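Single-structure report; data block below.
The values are calculated or read from the model by the stated rules, or taken from the named source; none is laboratory data. Note that the structure is predicted; figures quoted are calculated from it, not measured. Virtual Cβ from ideal backbone geometry, glycine too; neighbours counted across all protein chains shown.
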């Protein structure tokens, strides 16, 4: 049978980095083909090439046996390629129908289009309302809009980039049902993920990328998660080690915190209570957009609340700003690295000062450059940050190294409480391991650590207790040993707060 | 084969330095074209513009005199832009500084107090700071953007000055000319060189250079300002106050512009007139960018811009060229700078089109 | 009857004063809806005013003057577009540069024409003008540019919300990355919007030099470009609100000339601060609700776009 899509020798270079190196891959009609690899292995670049967003430096793309040039996404769509992006390509302020119209490049009247949307949505069990504005939709609903937009073009190949990273486990199951049905109808699916279990459950073929190169091809149904992981990483798995920790007195307590959303499309925090004890790691799970940003802002001091709503070691800090809370022993690793946790245009020395401007680095308000440089050099050495020196600009570091620097800066401050948002998001596996270990060590040393993450596997690995944030409400935390993925999934979907049936 | 811009891995230090010079040369070339179009020999015109003023001691002192308000205003503007606060109303703050400082001169000048001049300088700075504090208040309390408010208040300040010199403060013995009486000697800045107009205001402006440099690169306040300007989310995360940065940079730049205003009134002008500045406050925006928002760079840039003003006057006298020609060159200077600055972070590469085509 | 007549005369004067703001404002509204913040409106208006005047003085045809003004404004905008869109330079700085350049350039090219008399734009000739009542006659004395300006809110509204091109324009202003990923040419859309903005600003400027006060004086736009910018913020990027704002400001401008008639004895200098102070007040009122402003502003406004890869 002729392959639906065949890539031969695809190479793409960004400056000194080879994102794709001589990649060859073929997808049969009706096949659900996994593209597997770590962060930065080159999966997304390859898919952007297939979708015409990025142009390859070398290589041939063949579509149903014929070599083709995919000049832009319009050309890709004309061939029958549909793509569901990891970061959705939707316009927040436009309606579902307008978004779909823009994606189709069609000129048919809106009313006609709306009818067609309803019909296809019903056919595949994708419930969406055509007239609603995208900003009012949940993340899962947005993904449905994206998929719907592809389906309306009757695609022959559907590409999905990490589609389950934003879904609850139950929503993911629904997605799989739909994809299997699509494949049965003859549509090919290219499924990008680094989640091994779901690939084993869903896909019928897999291509494994590492550092831009194809390192293995296999049938994932015949592999184990361990063997897939080894292909992906090129070596045996290493694990974090959990030093024994003594759980002590509460170091951070939140009582009945309610905080209205401060920006359009934000989430209102409702009646949040939590208690973080010294020596433990508390994980906060949940799908993005359920109040994570808001909760972290309220804890870090970027947003103020009533003084007594947040207690740090028994002292009210709810009305204090970030610098004052930091001075009292609360450190924070934010989600965004460049632009928030660090400044891209600043040197590492300046970035060290960002949260460490105190009597040592700036006595009487005058910078002591010697002390600042010594601090930065210590962080680089202690946390193994690879850089050209402390005068290197923030933006010159890789994501993993920048994150190690930020995590190191916060841990080096010897906080009593550390808040960490998605601490290993988008970093390579080596750095992720080092960061998780650093968090475990900090907890073992007696600090309380609160980790907010969408990566459930990560939380299950490092947290002692897990709570779930959904719709701005926080569930009661449970010890990790007593939880199940299904149980957490139900909470992520808001089960705990749904009215009794 | 086509040209394409590609991001550099590291910003180019060479272009960082070269860009202002490149822009100056390009603007001079552009000026030559303008002169040629106006029917003049571009070589003669350019020589008159750029070289003639530097040939005499008198020219050099005049250069310092014209650089004074430009330097003061530009340093304030640059501190603001570093904090991402855009004060483009320095012209108005300068005008208000002239009004408040000049008011003191009119009230107490000639009475022989030692404090008249210091009080004038203080009042000028305070007047400018006050005029800039209004946009600061509107920005921090009401979220109204300072670009528009500072500019609108400039128009207002100029009208207020117009009202004063046409009305309440008009010189009763001035044949109804819209101007105040001349300031008394004790309300005038001392000249630095006998026979020249260059005065102590130049020293104040020079003093602002190291102070601003120290503020920006050696103090915690300066670091906070730069963080707020460079990455607002990082500043929020660090706990640096964005509102504080707005207040600080606007009040500081207003005070400096106000000081520039009173120095003009108590210096080369010697009285209040309907227009206290030929657009120094606006030209200072160009100076700030041309000087890379760095105090030392701004010192050089202010001298270049002063040369443009001075040369422009010479052109008017010797070649009857309109003063507006230099205004055009000023605009071109900023344009060329912004264009050449693009190559600090990017470079031109030749590509042969997509490989798979 | 006489009161009614005075009122209608006031309305006519207001509309004439509002016309340059409407033209420039709608140009900027379109540019901003595509995600480009062009602070050079004042400069483009000035160059348009000067170029339009020169063309009219040379040819005696004010309609040609209007067209030349639009072309000159678009040319200025092209310069801005080249710097900010092609070279990705800072939009705020380039806008300021455009204004500074425009002030200088217009003064330079307009210099020989200071004091030159021209015949301004004639009003539309209505066949049965004589038979109409005095009120209708007044209205009919409005020139065609005013009528164009009054139609703009509806035209722009229909374009933005009823056409596919309008949808694409809004989409590009909302998120250039998404639009790019979907295969739309962000730069082409933005260039078109910026050029339209320039043409409208140029025409708005020339309305001042050809119709409003048919003469050329240096800096005659006197901040109206900035007021137009403020009005776009005031309108929350919505066409009908922009129209309302422009007419309101037209009235403030006119009121200052009628102050004496209202029995006010205030210096003309102080009265002429009114439009500027009103701009500040309006900005304060509209910006107070930061969340609302953020909700309505095109999300990609002022951000440079780069199609990587």
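Worth a mention:
- The residue of the stretch C:267-286 that is farthest from residue C:249 (Cα to Cα), among those that are surrounded by fewer than 17 Cβ atoms within 10 Å (Cβ to Cβ) and more than 7 Å from every other protein chain (Cβ to nearest Cβ), is C:268.
- Looking only at the stretch A:74-97, residues that are facing chain C (nearest Cβ under 9 Å) and part of a loop (DSSP other than H, G, I, E, B) come to 9 in all.
- Single match in C:49, C:55 (criterion: more than 13 Å from residue C:225 (Cα to Cα) and over 8 Å from the mean Cα position of the chain (by Cα)): C:55
- Residue in the stretch B:315-332 that is free of Cβ contacts under 8 Å to residues at least 24 places away in the same chain, at positive phi and out of contact with any helix residue (DSSP H, G or I) (no Cβ under 8 Å at 6 or more places or on another chain) present: yes
- Among the residues of the stretch B:316-333, those that are more than 7 Å from every other protein chain (Cβ to nearest Cβ), assigned to a helix (DSSP H, G or I) and within 22 Å of the chain's Cα centre (by Cα) comprise B:326, B:329, B:333.
- Filter result for residue B:31 (within 22 Å of residue B:331 (Cβ to Cβ), surrounded by 13 or more Cβ atoms within 10 Å (Cβ to Cβ) and either within 12 Å of another protein chain (Cβ to nearest Cβ) or free of Cβ contacts under 8 Å to residues at least 40 places away in the same chain (or both)): yes
- Taken over the stretch A:98-114, the criterion of being more than 10 Å from chain C (Cβ to nearest Cβ) and assigned to a helix (DSSP H, G or I) is satisfied by A:100, A:111, A:112, A:113, A:114.
- Identity of the residue in the stretch B:1-17, without any contact (Cβ under 8 Å) to a residue 60 or more places away in the chain and away from chain A (no Cβ under 14 Å), that ends up farthest from the chain's Cα centre (by Cα): B:14
- When residues of the stretch A:45-69 are limited to those that are within 11 Å of chain C (Cβ to nearest Cβ) and over 18 Å from residue A:80 (Cβ atoms), the one surrounded by the fewest Cβ atoms within 10 Å (Cβ to Cβ): A:57
- Of the residues making up the stretch C:211-219, one or more are buried (at least 24 other Cβ atoms within 10 Å of the Cβ), more than 12 Å from residue C:74 (Cβ to Cβ) and within 19 Å of the chain's Cα centre (by Cα).
- Residues of the stretch C:31-47 that turn out to be closer than 13 Å to residue C:97 by Cα and away from chain B (no Cβ under 12 Å), as a count: 2
- The set of residues in the stretch B:217-247 being surrounded by fewer than 23 Cβ atoms within 10 Å (Cβ to Cβ) and outside any helix (DSSP H, G or I) consists of B:219, B:239, B:241.
- Within the stretch B:102-121, the set of residues being in a loop (DSSP other than H, G, I, E, B) and surrounded by fewer than 21 Cβ atoms within 10 Å (Cβ to Cβ) comprises B:110, B:111, B:112, B:113, B:114, B:115.
- Conditions (1) closer than 27 Å to residue B:288 by Cα; (2) surrounded by fewer than 21 Cβ atoms within 10 Å (Cβ to Cβ); (3) without any contact (Cβ under 8 Å) to a residue 24 or more places away in the chain: number failed by residue B:130: (3)
- Residues of the stretch A:314-344 that turn out to be over 24 Å from the mean Cα position of the chain (by Cα) and within 10 Å of another protein chain (Cβ to nearest Cβ), as a count: 8
- Residue that is nearest to residue B:150 (Cα to Cα) [pool: residues in the stretch C:287-297 that are assigned to a helix (DSSP H, G or I) and at the interface with another protein chain (Cβ under 8 Å from one of its Cβ atoms)]: C:287
- Applying the criterion of at least 2 residues that are at pLDDT below 90 to the strands (runs of 3 or more DSSP E) found wholly in the stretch A:1-73 leaves A:5-14, A:17-27.
- Scanning the stretch A:354-397 for residues that are in contact (Cβ under 8 Å) with a residue 40 or more places away in the chain, surrounded by fewer than 16 Cβ atoms within 10 Å (Cβ to Cβ) and within 12 Å of another protein chain (Cβ to nearest Cβ) yields a total of 1.
- Looking across the stretch C:96-109, just one residue is more than 8 Å from every other protein chain (Cβ to nearest Cβ) and either surrounded by fewer than 24 Cβ atoms within 10 Å (Cβ to Cβ) or over 19 Å from residue B:88 (Cβ atoms) (or both), and that is C:109.
- Which numbered condition residue B:93 fails, given (1) touching a residue at least 60 places away in the same chain (Cβ under 8 Å); (2) closer than 15 Å to residue B:316 by Cα; (3) buried (at least 18 other Cβ atoms within 10 Å of the Cβ): (2)
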